[in-house]
Amino acid sequence: MTRAPQPGDEFLMRDTTSHPPAHAPGYKTSVLRSPRNALISLQQSLSEVTAPVYSADEFGPLDNDLIKNGAKNGLPVGERLIVHGYVRDQFGRPVKNALVEVWQANASGRYRHKKDTYIGALDPNFGGCGRMLTDENGYYVFRTIKPGPYPWRNRVNDWRPSHIHYAISGDGWVQRLITQMYFEGDPLIPTCPILRSIPDEEQIRGLIALQDTGSFVQLDSRAYRFDIVLRGHRATLFENIVQGAAQ
Amino acid sequence: MNPLLRETASQTAGPYVHIGLAPSAAGFEIFEKNFGNVLTTPQTQGERIRIEGIVTDGSGTPVRDVLVEIWQANAAGKYNHPGDRQEGRAIDPGFRGWGRACSDFETGLYSFETIKPGSVTGRNGRPMAPHINFWIVARGINIGLHTRMYFSDETAANANDPVINLIEWQVRRQTLIAKREEHANGVVYRFDIRLQGENETVFFDI
């Protein structure tokens, strides 16, 4: 292990084989929304190695409790869950004070969104979004109900597996990431065109949360564990060229 | 064996990204404090500007469900982050430098209220022209797209910018330059982003 990086040090180059290509024809919407030109590769400057900083006082006490934060006059319908894990970088170091934002459908597979017209019922007691900061160990936790699967217009009988969307903001702009978490054993996983846009089985497995019996709350909630890896933050050796003087 | 962990795979933000990142756009209120498209407070130092534009797909159609984030330095050219150790430049406590905007579901127009950033020193001490970092996600975008917005009234600085000069094709450099317009209620920079096709915006692997 190299010496610990300082704020402002560089991040590892992105390994594009870890991600879906921009153009993934099985996911039809990507066809017209993917650049045709190659990305221009940049050596990182301050613009890429810094990122917005958040403070705890921007968050409310229920922001990470999806069972309560959208409740109007009772509890939401659905299986009660705790979802938790660690945000680390590629060297295994915790990413502390990372912003983790989550959103999801309700137990019927319906989103509280004015553009969602699925016949599945809205739940008056469920909003479907939450947010939190990781602690000193990179740990995050939230409480929710299990989202339902739902049909979507891709091929006529495509269904999304149950999933929770994540947006993560780390210590550098290059670490910004959006992804989705799936549930172990879901029979819709093997045929999902969005999940299959990832050309690597190991990387697909990395998005599937495992049931974590050791963290169940007895007679109350099950738990799932989902760890996230962001780009590696490395010490800049010999010369701090990201922001140093000309050599 | 490579000791590095692999970065978690990216997935599309999907059509309902607003629920998580901008719930009021989805049609409901849930958090007391929301992250939005106004980066300034009355105390913020610098020239007030509005940035607006439309993101279009490969057919030229506006992407009406896009979410755009920006990250920028303050008027002195300093990022509000402990990693920015440029000497002689102060953090502006009234300016985080980060915001997010959703396009209008009908017109596709997005906008930000912010200030024009100062020049930041780049690698090896070379100054970078004033610019704003953009990150674009939406349904159909499998991995967030990074680009930079530069300013049309910074011709000399743009001509020497180390990042603009990395772009081999002069014609493509123009896709990063926002056009300054003086409106009755203030300065607007127009920055349209083309995901694909004619005049496709330059996107970066950072």
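Being within 11 Å of chain A (Cβ to nearest Cβ) and polar (S, T, N, Q) is a condition met by no residue of region B:177-194.
Condition check ((1) in a loop (DSSP other than H, G, I, E, B); (2) within 8 Å of another protein chain (Cβ to nearest Cβ); (3) free of Cβ contacts under 8 Å to residues at least 60 places away in the same chain; (4) not aromatic (Phe, Trp, Tyr)) across all residues:
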site	(1), (2), (3), (4)
A:PRO20	yes, yes, no, yes
A:ASN69	yes, yes, no, yes
A:GLU101	no, yes, no, yes
A:LYS115	yes, yes, yes, yes
A:ILE119	yes, no, yes, yes
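When region B:117-165 is filtered for residues that are more than 22 Å from B:ILE54 (Cβ to Cβ), of a type in the set (A, V, I, L, M) and not in a loop (DSSP other than H, G, I, E, B), the ones remaining, listed by number, are B:ALA156, B:ALA157, B:ALA159, B:ILE164. Filtered by the rule that a residue be more than 18 Å from A:ALA105 (Cα to Cα) and either surrounded by 24 or more Cβ atoms within 10 Å (Cβ to Cβ) or of a type outside the set (A, V, I, L, M) (or both), region B:5-36 gives B:ARG6, B:GLU7, B:THR8, B:ALA9, B:SER10, B:GLU32, B:LYS33, B:ASN34, B:PHE35, B:GLY36.
Applying the condition of being surrounded by 18 or more Cβ atoms within 10 Å (Cβ to Cβ) and among the β-branched types (Val, Ile, Thr) to region B:66-120 and asking which residue is farthest from the other protein chains (Cβ to nearest Cβ) yields B:ILE115. Scanning region B:23-54 for residues that are of a type in the set (A, V, I, L, M), more than 20 Å from A:SER55 (Cβ to Cβ) and within 12 Å of chain A (Cβ to nearest Cβ) returns B:ALA25, B:ALA26. Filtering B:ARG194, B:ARG172, B:ARG148, B:ARG139 for residues that are more than 30 Å from A:GLN180 (Cα to Cα) and modelled with pLDDT of 95 or more leaves a single hit, B:ARG172.
When we screen A:GLN180, A:GLN203, A:GLN243 for residues that are in a strand (DSSP E or B), touching a helix residue (DSSP H, G or I) at 6+ places or on another chain (Cβ under 9 Å), within 14 Å of chain B (Cβ to nearest Cβ) and of a type in the set (S, T, N, Q), the only hit is A:GLN180. If you filter region A:83-106 down to residues that are closer than 18 Å to A:ASN125 by Cβ and not polar (S, T, N, Q), you find that the one that is farthest from the chain's Cα centre (by Cα) is A:ALA105.
Annotation note: of A:VAL49, A:VAL53, the sole residue that is facing chain B (nearest Cβ under 7 Å), at pLDDT 95 or above and under 17 Å from A:PHE91 (Cα atoms) is A:VAL49. Taken over region A:1-16, the criterion of being more than 7 Å from chain B (Cβ to nearest Cβ) and under 18 Å from the mean Cα position of the chain (by Cα) is satisfied by A:THR16 alone. Within region A:162-180, is even one residue within 21 Å of A:MET13 (Cα to Cα) and surrounded by fewer than 20 Cβ atoms within 10 Å (Cβ to Cβ)? Checked against the condition, which is being within 21 Å of A:MET13 (Cα to Cα) and surrounded by fewer than 20 Cβ atoms within 10 Å (Cβ to Cβ), region A:162-180 yields no hits at all. Within region B:29-82, the set of residues being of a type in the set (Lys, Arg) and more than 18 Å from the chain's Cα centre (by Cα) comprises B:LYS33 only.
Every listed requirement among (1) modelled with pLDDT of 95 or more; (2) touching a Ser or Thr at 6+ places or on another chain (Cβ under 8 Å) is met by B:THR107 save one, (2).
Only one of these is under 20 Å from B:GLY144 (Cα atoms) and either in a strand (DSSP E or B) or out of contact with any strand residue (DSSP E or B) (no Cβ under 8 Å at 6 or more places or on another chain) (or both): B:GLU69, B:GLU106. Name it. So the residue among B:GLU69, B:GLU106 that is under 20 Å from B:GLY144 (Cα atoms) and either in a strand (DSSP E or B) or out of contact with any strand residue (DSSP E or B) (no Cβ under 8 Å at 6 or more places or on another chain) (or both) is B:GLU69. If the condition is being away from chain B (no Cβ under 11 Å) and either closer than 19 Å to A:ARG80 by Cβ or surrounded by fewer than 18 Cβ atoms within 10 Å (Cβ to Cβ) (or both), then region A:125-135 contributes A:ASN125, A:MET132, A:ASP135. Being at positive phi and either facing another protein chain (nearest Cβ under 8 Å) or surrounded by fewer than 19 Cβ atoms within 10 Å (Cβ to Cβ) (or both), is that true of even one residue in region B:149-172? No.
The values are calculated or read from the model by the stated rules, or taken from the named source; none is laboratory data. If you're wondering where the values come from, they're calculated on a predicted model, not measured in any experiment. Cβ: placed from backbone, ideal geometry, glycine included. Neighbour counts: every protein chain shown.
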